[in-house]
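Novice: One structure coming up, written as structure tokens, with questions to follow.
The numbers here are math on the coordinates, done by the rules we state, and not lab data. Bear in mind that the values here come from a model prediction, so they are computed numbers and not experimental data. Every residue, glycine among them, receives a Cβ derived from its backbone with ideal geometry; neighbour counts consider all protein chains shown.
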Number of protein chains: 4
Amino acid sequence: MDEDREQQRYERAHDPSRVLVLSDGVCAIIITLLVLEVHVPEDLHPGETLLTELRAIRPSIVAFLISFVVVAIAWVGHRDLFTAIRRTDRMLVWLNILLLLPLCLLPFGASLIARYPTDAVALRIYGLLLIAIAGGRAGIWIYATGRAHLLYDPPDRQFRRAGVAVAVGPAVAYAVAFGIAEVAPTMSMVIYGAVPVVYFLAVSFARSTSPSGSAEGDLT
Amino acid sequence: MDEDREQQRYERAHDPSRVLVLSDGVCAIIITLLVLEVHVPEDLHPGETLLTELRAIRPSIVAFLISFVVVAIAWVGHRDLFTAIRRTDRMLVWLNILLLLPLCLLPFGASLIARYPTDAVALRIYGLLLIAIAGGRAGIWIYATGRAHLLYDPPDRQFRRAGVAVAVGPAVAYAVAFGIAEVAPTMSMVIYGAVPVVYFLAVSFARSTSPSGSAEGDLT
Amino acid sequence: MDEDREQQRYERAHDPSRVLVLSDGVCAIIITLLVLEVHVPEDLHPGETLLTELRAIRPSIVAFLISFVVVAIAWVGHRDLFTAIRRTDRMLVWLNILLLLPLCLLPFGASLIARYPTDAVALRIYGLLLIAIAGGRAGIWIYATGRAHLLYDPPDRQFRRAGVAVAVGPAVAYAVAFGIAEVAPTMSMVIYGAVPVVYFLAVSFARSTSPSGSAEGDLT
Amino acid sequence: MDEDREQQRYERAHDPSRVLVLSDGVCAIIITLLVLEVHVPEDLHPGETLLTELRAIRPSIVAFLISFVVVAIAWVGHRDLFTAIRRTDRMLVWLNILLLLPLCLLPFGASLIARYPTDAVALRIYGLLLIAIAGGRAGIWIYATGRAHLLYDPPDRQFRRAGVAVAVGPAVAYAVAFGIAEVAPTMSMVIYGAVPVVYFLAVSFARSTSPSGSAEGDLT
């Protein structure tokens, strides 16, 4: 009975549910806060129409859309991972908070590239945030999927590799965009926008070609 | 036993609970963020009173109220649908994110028509957002209610049709408002404001005339 | 078995859990958004210190504190009520959304009295919001506690009366503050600030004098 | 049976789940709102680059990071505590709301020290908020861990002492920072930034040196 109680206390201390509520909450807030950086044109001077003025804020709309999809992908990946995780330990709680940090900075980064869409410094800061998000995601996958006592099922190498691949893949592309931001800022922005599309197609392809019930089939 | 484990893993990967937390969070944030677009009059010049100045921000209050009800109806419809859904698959997760996109843009749209209440471009952008929300809702209903393995009960044609109808109905009205925005901007705005009222009455009527236990009776 | 399925479907359609998540989310967001109306003094001119400038924003801090407590009391009352409610029906879902409306407008109202602390119009708009919140709360209590099929236990008259009393009491005080806003604006503001204190003491007193296990004992 | 019903009602009225949703929501919103105080440089004048302008907003980034970690630690401590708590009573609900108050004011405090990083008044207000957060946390620990009927397991003196220590320790450091804000503002800021690091190391050390299964081992 005393052992039972010990076990229950252990389970409660390692219950991931509040980590999920916090993470879902942060993701929900960020995708809605992002729109606050899309400013309604203030005054129409003679010869201006709302349409011409809206064209002027196009960079902020592009930044919104890219950032929206970045958060959506991060959230979906987070959800995928935590379908395999049964318990969180101290390290996992803090790794998760570390992942939330660049996510919370994303509205600032989006605002920066919306205001300075061709400035290498703005593009690089945004790129660093994207790399940090991908890195944080990979870190959590590697940490959690390698520890049997945190998982529902025995560690699954293939699931682990698939999860890390879908995090590291984008990070590599972002690093390239970071590198060329000075010489080819437009290309850099295009990469930020294209990665989610490629990501989506790649995961779809991996799912469709993998045998049913395999690890890739669980990626959303 | 191995099959059991497989089944449990399948259920966890298709558990809709986090999709609901994210959606509820987004809806809660949007209806509260909307008020940030209602600006307190900054300075009272001689001859002005707060009352006259508040009249000047009436468009932003109207935009707030319309948008509040739009989100409320979207949330209620979302809740209705997910009382029938037992599992989410990859497609449903992404369809849901696609529905959140125009919802997240709604504060921008509301701000736009609050600032330019008679500008056709502003009215049309707002209309597009409303149509996208209704379309996203219809898409989720059609996708989910046609797949038995995602539902608690066998697909119910009547429930499906009712759910699509209450999404498509408003969309048609919004399309009309979109069309006439140039020639009759005030009428366009009136339609945006009237749709929720008509919607509410229509659902009430459908419920009261339908036999108890029927599909329409479950619409909120 | 068919009846079982019908029953389960009924229960799912009347499950209050998402109503609670939405309400908790809105309350959490409002108490945090309120602080955005407390503006940091922009520039210190010669002869000014941060302390003198902070005194100038005292009204906005007072408005923040009053509004914070108003939302806290509304949330606690909401929680009290939903400890008795087992099911929500269509009417209750919409009554709850109606209660969220003035809550969502509260940051605007707080901003208004922070900017115009002695203006009768500002004070009355704020008062109307407080009355609407109290009224919405009373409406939900009256509706829900009178319907046995929505409750865990048979309707409890005393619990009902206690719940309505703690909602109507403040509303009466707010109505007085509304009435005197023109002739005695400062007194009006004092009432808004004092009601939560009196409320808290009254509930404490009602709890301490009621026999253990009685209805008042459940009020938080 | 009547006693059963009484017991169930008692459990529902003391269920902590909504307190947790509200607290998680508030923490999620604050860490995301904090970034709104980091402003993108508006215009680049001749001779300025984005990099030089970003250096100018460094204080706001530092304030963001410190505040982010403060909220993260408060949330982690909250989660630790509520793994031991089975029921909440009236006092605990209100103590928790009292803890949320300084948390909600943190974005204002962060904005203040970002704008006036060397002003003693700004530093002291921020310090007071940190002390209030630590104090609120200690208050909840002391109240809850001393009441057997609120806990899963019998009160554990060691767990209680550990929880209070990790709350009071930082508070003492903040009080020092508060005291020296006038004579050594930079040192004051350094303390605010260093406490989380020391905190983290101290908890790590306490965990690693404590026997497995002991109270300190449960601190996150």
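Novice: What list of ³J(HN,Hα) couplings, whole Hz, do you get for region B:105-113 from phi and the Karplus terms 6.51, -1.76, 1.60, once you set θ to phi - 60° and write x for glycine and proline?
Specialist: Ordered by residue, 3J(HN,Hα) equals 7, 4, x, 5, x, 5, 4, 5, 6 Hz.
Novice: What's the average, rounded to a whole number, of partner chain beta-carbon atoms within 10 Å of each residue's beta-carbon in B:100-106?
Specialist: 5
Novice: Given chain B, what whole percent of its Cα pairs are spread farther than 26 Å?
Specialist: So the pairs more than 26 Å apart make up 44 percent of the total in chain B.
Novice: Moving on to the next point. What does a probe at residue A:51 reach in region B:94-128, counting residues whose amide N is under 17 Å from the point 7 Å along Cα→Cβ?
Specialist: B:118-128
Novice: For region B:52-91, report the % of Cα-Cα distances exceeding 15 Å.
Specialist: Value for region B:52-91 (Cα pairs over 15 Å): 61 percent.
Novice: When N is the residue count of region A:1-45, what does its C-alpha Rg come to as a fraction of 2.2 N^0.38 Å?
Specialist: Dividing the Cα Rg of region A:1-45 by 2.2 N^0.38 Å gives 2.37.
Novice: Let me ask something else about it. Starting from the Cα of residue C:202, step 7 Å along the direction of its Cβ; do the same at residue D:148; then give the gap between the two resulting points in nm.
Specialist: If labels sit at residue C:202 and residue D:148, their model points lie 3.8 nm apart.
Novice: Where the Cα atoms of region A:22-135 are projected onto their three principal axes, how long is each span, largest first, in whole Å?
Specialist: That gives 62, 26, 17 Å along the principal axes, largest extent first.
Novice: Follow-up question, since we're still on this one. In whole Hz, what ³J(HN,Hα) sequence does region D:74-90 give by Karplus (6.51, -1.76, 1.60; θ = phi - 60°), x for Gly and Pro?
Specialist: My calculation for region D:74-90 gives 4, 5, 4, x, 4, 5, 3, 4, 7, 6, 9, 8, 9, 9, 10, 10, 3 Hz in order.
Novice: Moving on to the next point. Can you work out the Karplus-derived ³J(HN,Hα) for every residue in region A:42-50? Use 6.51 cos²θ - 1.76 cosθ + 1.60 with θ = phi - 60°, whole Hz, and x for glycine or proline.
Specialist: Karplus-based 3J(HN,Hα) across region A:42-50 equals 6, 9, 9, 7, x, x, 9, 10, 4 Hz.
Novice: Just the number, please: Stokes-Einstein D of region B:109-154 in µm²/s, Kirkwood Rh from C-alpha pairs, 10 °C, 1.306 mPa s.
Specialist: The calculation lands on 127 µm²/s.
Novice: Measure nothing but the geometry: give the 0 to 90° angle between the long axis through the Cα atoms of B:157-179 and the longest principal axis through the Cα atoms of chain B, rounded to 10°.
Specialist: 20 degrees
Novice: Which value, in nm² and rounded to one decimal, describes the direction-averaged projected area of the C-alpha convex hull of region D:80-136?
Specialist: With the hull built on Cα positions only, its mean projection is 4.4 nm².
Novice: What does the charge dipole of the protein assembly as shown about its Cα centre add up to, to the nearest 20 debye, if the Cβ of each Lys and Arg holds +1 and the Cβ of each Asp and Glu holds -1?
Specialist: The dipole magnitude comes to about 840 debye.
Novice: Using unit Cβ charges (K, R positive; D, E negative) and no other charged atoms, how large, in debye to the nearest 20, is the dipole of region B:1-126 about its Cα centre?
Specialist: Using only the charged Cβ atoms, the result is roughly 240 debye.
Novice: Further question: Using just the alpha carbons, could you tell me how many Å³ per residue the convex hull of region A:125-214 encloses?
Specialist: 89 Å³
Novice: Given label points at 7 Å from Cα along Cα→Cβ, what nm distances, shortest first, separate residue B:154 from the same residue in every other copy?
Specialist: 4.1, 4.1, 5.8
Novice: Placing unit charges on C-beta atoms (Lys and Arg positive, Asp and Glu negative, everything else neutral), compute the dipole magnitude of region B:136-220 about its Cα centre in debye, rounded to 20.
Specialist: Roughly 140 debye, rounded to the nearest 20.
Novice: Helix-derived [θ] at 222 nm for chain D: sum -39500 (n - 2.57) over DSSP H runs of at least 4, divide by residue count, nearest 500?
Specialist: Here the helix-only value at 222 nm equals -25500 deg cm²/dmol.
Novice: Compute the orientation-averaged projected area for the protein assembly as shown from the convex hull of its Cα atoms and round it to one decimal in nm².
Specialist: That works out to 39.7 nm².
Novice: At 0.36 nm per residue, and after removing the present C-alpha to C-alpha distance, how many nm does the segment from residue D:158 to residue D:8 gain when stretched out fully?
Specialist: 50.9 nm
Novice: Moving on to the next point. Shortest first and in nm with one decimal, please list how far the residue A:42 label point sits from its counterparts in the other copies (point 7 Å along Cα→Cβ).
Specialist: With the label placed 7 Å along Cα→Cβ, residue A:42 yields 0.7, 0.7, 1.0 nm.
Novice: Other chains near C:14-24: what is the mean number of their Cβ atoms within 10 Å of each residue's Cβ?
Specialist: 6
Novice: Report the one residue of B:123, B:162, B:205 whose Cα lies farthest in the direction of the positive end of the charge dipole of region B:63-220 (charges on C-beta: Lys and Arg +1, Asp and Glu -1; origin at the Cα centre).
Specialist: Towards the positive end, the residue furthest out is B:162.
Novice: So what are the radius of gyration and Dmax for the Cα set of region B:167-220, in Å?
Specialist: 14.1, 45
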